[in-house]
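First up is the structure itself, then whatever we jot down about it.
We did not get these values from a lab; they are worked out from the coordinates using the rules stated. Note that the structure is predicted; figures quoted are calculated from it, not measured. Counting neighbours? That spans all protein chains shown, and the Cβs are built from the backbone with ideal geometry, glycine included.
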Amino acid sequence: APVSTTTQAEMYLSQFGYLPASARNPANSGLQDKSTWLNAIQEFQNFAGLNITGELDDETLKLMSLPRCGVRDRVGTGDSRSKR
Amino acid sequence: YALQGSRWRVKNLTYKVSKYPKRLKRVDVDAEIGRAFAVWSEDTDLTFTKKTTGPVHIEIKFVESEHGDGDAFDGQGGTLAHAFFPVFGGDAHFDDAELWTIGSPRGTNLFQVAAHEFGHSLGLSHSDQSSALMAPFYRGFEPVFRLDDDDKAAIQSLYGKKTSQPKPSNAYPVTSTLRPSYTPPKVPLDDSICKDSKIDTLFNSAQGETYAFKGDKFYKLTTDSVEEGYPQLISKGWPGLPGNIDAAFTYKNGKTYFFKGTQYWRFQGRQMDGVYPKEISEGFTGIPDHLDAAMVWGGNGKIYFFKGSKFWRFDPAKRPPVKASYPKPISNWEGVPNNLDAALKYTNGYTYFFKGDKYYRFHDARFAVDTATPAFPRPTAHWWFGCK
């Protein structure tokens, strides 16, 4: 199913390095200020080659629903996973 | 492309699969993993050696949910796999809740995802080029894989361009450095088609290329012989298609139909076009099973099927698609024998019929086998396969 809610989008953007890790917890989602949220969506849209609207439009949500690699997109945030 | 910032200081790397997926055979997984590494050794001096025990540079595991690295997998869909950059060890983990498949449009293609993950293992981050292997989103099964220039530039920026000639290896297929992209392993060149030129089927692709199928192999034909590098395996050229095909044709919709026994398959180019096989009786009502030959005849663009001493004309636009007056005797096609092996509307406008080691050229306007010197039938081996 496509990512259909803001909460799921927050978790997605957090998981792949566009939002701080705290956004993975839905209880913390309200703590994101508007510009952080907007920037995160815009960064994702920019990276994915979508129109940079800053909004969770259908195209953005559809891309978030695609199967993908679990390594974080953003350089500098994806290398925190440690092997052992 | 984007680089993470770390790379291996050696170019001869080792790997092992320490936990195999539950739904695939080990030998198949080994082959696909080998092919996936070969993607990265094609344009660099990197080598990858498979080990089964002891320490290795890159450890590969198929695991589910939480698996010890703090980054749990999420079940089918979503995250398919992840890998560690060189500075963190290079290991690659695949979510075993996915339906990993090989050479099939169903499920998730193991080769493609593994090649992507090994890019991370070598130091590549995600690319923002959607055509790149290192783009983060799975783009569906691609029967013919081609490493994007973006990926090539990325890996060469870390490990340099290839300087050595490729060495044969039993771990994975190695392809020539002269070829611009990875292609499936070829069957060694042989002249078996010259010794026994009876073929299963012949057809033209939508692009006008002519292919001959025989057993589990196929030949790409030039105007007078077989193109270099053939035969190749049908299973590699048309993933999901079995060998020993009875009949095939490409229709005006650009799709190629293959028939075997009671079933048929539809392909768009080299990719299966949906869920196949299906029963001939369902998709081609009125056409018998176990066909001898099929073709789209240039005279009227309709589909003709041949079996034994009879033929059927099929018009998908009509209901029923086969008129009650069919089947009719093949003898209506003056000079064409019964029990054909193949029929082909060739790019020169002629229709050709094949039986045993001989073929017949049919003159559509006169509706009879052509008169020429030397006479028809002629030996297929010489005229079609370039045999001496």
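Side notes on the structure shown:
- The simple Förster model, with R0 at 41 Å and r as the Cβ-Cβ distance, assigns A:T6 and B:K255 a FRET efficiency of 0.45.
- Short to long, the 10 Å bins of the Cα pair-distance histogram for the protein assembly as shown hold 4, 18, 23, 19, 16, 12, 6, 1, 0 percent of all pairs.
- Magnitude of the charge dipole, region B:211-340, Cβ model with Lys/Arg +1 and Asp/Glu -1, debye to 20: 420 debye
- Estimated FRET transfer efficiency (A:N51, B:Q268; beta-carbon r; R0 25 Å; 0.05): 0.25
- Value at 222 nm in deg cm²/dmol, rounded to 500, when DSSP H runs of n ≥ 4 in chain B each add -39,500 (n - 2.57): -4000 deg cm²/dmol
- The label-point distance for B:E282 and B:D74, in a model that sets each label 7 Å from Cα toward Cβ, rounds to 3.4 nm.
- Put the Cα centre of region B:113-142 next to the Cα centre of region B:218-273 and the gap is 29 Å.
- Exposure proxy ranking for B:E59, A:E10, A:E43, based on other Cβ atoms within 10 angstrom of each Cβ and starting from the fewest, stands as A:E43, B:E59, A:E10.
- Residues of region B:255-282 with amide N under 20 Å of the 7 Å Cα→Cβ point at B:N244: B:258-266, B:277-281
- Stokes-Einstein D (µm²/s) once Rh is taken as the Kirkwood radius of chain B over alpha-carbon pairs, at 20 °C in 1.002 mPa s: 92 µm²/s
- Sequence of B:I245, B:I303 once ranked by neighbouring C-beta atoms within 10 Å, starting from the fewest: B:I303, B:I245
- FRET efficiency for A:L38 and B:A317, using Cβ-Cβ distance with R0 set to 51 Å, rounded to 0.05: 0.40
- The orientation-averaged shadow of the Cα convex hull for region B:203-257, equal to a quarter of the hull surface, comes to 3.8 nm².
- Database remark: amide H of B:F249 closer than 5 angstrom to the amide H of B:Y257 (H placed geometrically; neighbours at sequence offset of 5 or more, or on other chains; Pro and chain starts carry no H).
- Close amide H contacts of B:G78 (hydrogens built in the peptide plane, cut-off under 5 Å, sequence separation of 5 or more or a different chain): A:R68.
- Whether region B:4-150 is rounded, prolate or oblate, judged on the alpha carbon gyration tensor where a/c under 1.5 counts as rounded: rounded
- Spin-label proximity, B:N338 to region B:296-310 - amide N less than 16 Å from point 7 Å beyond Cα toward beta carbon: B:306-310
- For region B:1-90, the direction-averaged projected area of the alpha-carbon convex hull comes to 7.0 nm².
- Each of B:G119, B:V17, B:S281 was scored by the projection of its Cα onto the charge dipole of chain B, and the greatest displacement toward the positive side belongs to B:S281; charges sit on the C-beta of Lys, Arg, Asp and Glu.
- GNM result for chain B, Cα springs below 10 Å: residue of B:F145, B:F249, B:F306 fluctuating most strongly: B:F145
- Test item: Cα-centred dipole of the protein assembly as shown, Lys/Arg +1 and Asp/Glu -1 on Cβ, debye: 1480 debye
- Counted residue by residue at 0.36 nm each, then reduced by the alpha carbon distance between them, the extension gain from B:F137 to B:R26 reaches 37.3 nm.
- Selection from B:T262, B:W238, B:M272, by position along the positive dipole direction of region B:192-282 (Cβ): B:M272
- Of the residues B:N332, B:A294, B:L3, the one whose Cα sits farthest toward the positive end of the charge dipole of the protein assembly as shown, with +1 on the Cβ of Lys and Arg and -1 on the Cβ of Asp and Glu, is B:N332.
- Placing unit charges on the Cβ atoms only, positive for Lys and Arg and negative for Asp and Glu, gives chain B a dipole magnitude near 1280 debye about its Cα centre.
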